[in-house]
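To keep things clear, I will list the structure first and then write my remarks on it.
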Amino acid sequence: MANKEQRRVMLWAHPRTLSTVFEMALASRSNTKVFHELYVIAYHFGAEKVFPEDRIPTIPGFLFRNVKDTLEAENSSQDTIICKDMAFCLDGKFDRLPDGYVHTFIIRDPRRTISSMCKTYAAGETPLELLPPAGGIKAVYDLHKFVTTELKQDSIVIDAYDLACHPESIIQKYCKVTGIPFEASYLNWKPGNIDHFHDVWKNSTVYDSYFSIAANSSCFKPLSDRDQFDISHLPHEARIVIDKAMPYYNELFEKKILP
């Protein structure tokens with residue numbers, strides 16, 4: 001378990017929220033141990049994987065309890081431990097949460113995330129019907145509710161638009177509430193820092209489809225205007241997902257850290 005001086009932070013996301021870009025920024029600090037989507041590996045590739053497909057080989061050592069044990073393990077060599085992961089990969093089982101962590105959340109307007117997922121999935125092999133419920137934001141909402149009501153932790157939510165357009169202000173405030181030391185490298189970092197990625201994420205197909213742009217980033221770039229949306233071109237199924245997701249997003253949006 002963590003000592004009193006060590007900071008341990010979970011960054012929970014739904015897909016396409018700039019969470020990997022934020023992870024790259026936080027990973028730029030020395031004396032920081034970063035874990036990348038261990039629960040996602042257990043969810044998709046572990047022996048308890050939710051979508052058991054013959055074409056996806058099982059990765060040994062990735063039971064959900066193994067992930068929890070890894071995150072809770074003693075680590076005296078770094079003063080900060082950060083894990084970025086997807087909330088829907090807990091599959092609603094909050095007993096899988098690691099002890100000793102401050103839980104934080106990053107969100108993004110579902111009209112943006114679902115549009116992005118449609119492009120990504122169309123380019124790969126993932127069918128649209130395998131989108132997580134409400135695009136993954138319902139799981140963020142449910143976990144946030146558990147963290148604030150049952151674990152009695154403070155609500156710590158950032159919005160991807162604010163992070164991209166006001167990175168210094170948002171990250172400074174994020175660091176203050178989590179106890180992570182702020183460093184200038186969080187605004188400009190060396191691209192390609194994926195040493196902490198498991199080998200499954202370095203597979204060319206997975207990496208190119210999901211991580212290459214974020215992993216090769218070196219700074220935050222402002223997003224287009226928040227209110228400029230056109231989802232008329234999206235498949236009907238995608239627009240249904242957006243309709244289901246917006247109420248969860250709107251409620252979390254009211255709790256976000258302001259620039």
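The values are calculated or read from the model by the stated rules, or taken from the named source; none is laboratory data. Note that the structure is predicted; figures quoted are calculated from it, not measured. A quick note on method: Cβ atoms are made from the backbone with ideal geometry, for glycine too, and the neighbour counts reach across all protein chains shown. All accessible areas refer to the heavy atoms of the entire protein, side chains included, with ligands and DNA or RNA removed. Shrake-Rupley method; radii C 1.70, N 1.55, O 1.52, S 1.80 Å.
For Lys244, the conditions (1) in contact with a Lys or Arg (Cβ under 9 Å, 6 or more places away or on another chain); (2) open to solvent by less than 50 Å² (accessible area, probe 1.4 Å) are fulfilled apart from (2).
Tallying residues that are open to solvent by 50 Å² or more (accessible area, probe 1.4 Å), assigned to a helix (DSSP H, G or I) and free of Cβ contacts under 8 Å to residues at least 12 places away in the same chain within the range 204-238 yields 4.
For (1) assigned to a strand (DSSP E or B); (2) modelled with pLDDT under 85; (3) touching a strand residue (DSSP E or B) at 6+ places or on another chain (Cβ under 8 Å), each residue gets a yes or a no:
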{"site": "Ile56", "(1), (2), (3)": "no, yes, no"}
{"site": "Ser77", "(1), (2), (3)": "no, no, yes"}
{"site": "Cys89", "(1), (2), (3)": "no, no, no"}
{"site": "Arg112", "(1), (2), (3)": "no, no, no"}
{"site": "Met117", "(1), (2), (3)": "no, yes, no"}
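Quick one: how many residues across the range 93-116 are farther than 21 Å from Phe22 by Cα and open to solvent by 50 Å² or more (accessible area, probe 1.4 Å)? Residues flagged as farther than 21 Å from Phe22 by Cα and open to solvent by 50 Å² or more (accessible area, probe 1.4 Å) within the range 93-116 amount to 5.
For Ile137, only one of the following conditions fails: (1) in contact with a strand residue (DSSP E or B) (Cβ under 7 Å, 6 or more places away or on another chain); (2) outside any helix (DSSP H, G or I); (3) of a type outside the set (Gly, Ala, Ser). What is its number? Result: Ile137 fails condition (2) only. Close Cβ contacts (under 7 Å, 6 or more residues apart or on different chains) running from residues in the range 176-203 that are without any contact (Cβ under 8 Å) to a residue 60 or more places away in the chain to residues that are part of a loop (DSSP other than H, G, I, E, B) and surrounded by 17 or more Cβ atoms within 10 Å (Cβ to Cβ) comprise Lys202/Ile194.
Residue count for the range 145-187 under the criterion of being farther than 25 Å from Ser116 by Cβ, not in a loop (DSSP other than H, G, I, E, B) and not basic (Lys, Arg): the result is 10.
Count of the range 141-171 residues, restricted to those that are surrounded by 15 or more Cβ atoms within 10 Å (Cβ to Cβ) and closer than 23 Å to Phe220 by Cα, is 14. Against the numbered list (1) loosely packed, with under 13 Cβ neighbours inside 10 Å; (2) within 18 Å of the chain's Cα centre (by Cα); (3) of a type outside the set (D, E, K, R), Tyr249 comes up short only at (1). When residues in the range 186-208 are screened for being under 16 Å from the mean Cα position of the chain (by Cα) and small (Gly, Ala, Ser), 0 of them pass.
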